[in-house]
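The values are calculated or read from the model by the stated rules, or taken from the named source; none is laboratory data. Because the structure is a prediction, the values reported are computed rather than measured. Here the Cβ is made from the backbone with ideal geometry for all residues, glycine too, and neighbour counts use every protein chain on show.
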Amino acid sequence: MSLDATTFMGAGIVYIRNESGDNMQTFVSKLSHNSGDDSWFVVSASFEDDAHARWNRSNHGWEVIAFKDDNNKRVGFYVDLRNVTTYVTFRSFSNVEISQVQTA
C-alpha cells in the first residue's frame, strides 16, 4: 500500500519523512506512557520505510516530535496523537508539515 498522508493506519501511529535532502535525525517522545524507544533515529525520505519512518505510540496522548541536524540544530512540536494517524514531513527547520487523519 502506498502511504499518501490521507490514510488512517491506527490511533497513535506516527509516520515521519525527510524531504530536505540533508541528513536529519528524529525522535518521538514517550511522555504519555513508558513504552517504545525515544532515541534519535535517522529520518527516511519515505513514509513507506517502516524501519525508519513509523512510530507506534498506541493512542496514549501528547508527545514531542523533534528533529536535529548534524550541527545539533533542533526543532520540535508537541502533538496530540490520540485517535489519529499523524504524518510529519520535514523540509527545513521553518517548513515542517504535520497532518492528522482520523478514522472514518
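Give the residue that is modelled with the lowest pLDDT, with candidates limited to residues of segment 92-104 that are among the hydroxyl-bearing types (Ser, Thr, Tyr) and either touching a Phe, Trp or Tyr at 6+ places or on another chain (Cβ under 7 Å) or in a loop (DSSP other than H, G, I, E, B) (or both). Per the criteria, the residue is Thr103. Looking across Asn72, Asn59, Asn83, one residue alone is among the polar types (S, T, N, Q), on the phi > 0 side of the Ramachandran plot and modelled with pLDDT of 95 or more. It is Asn72.
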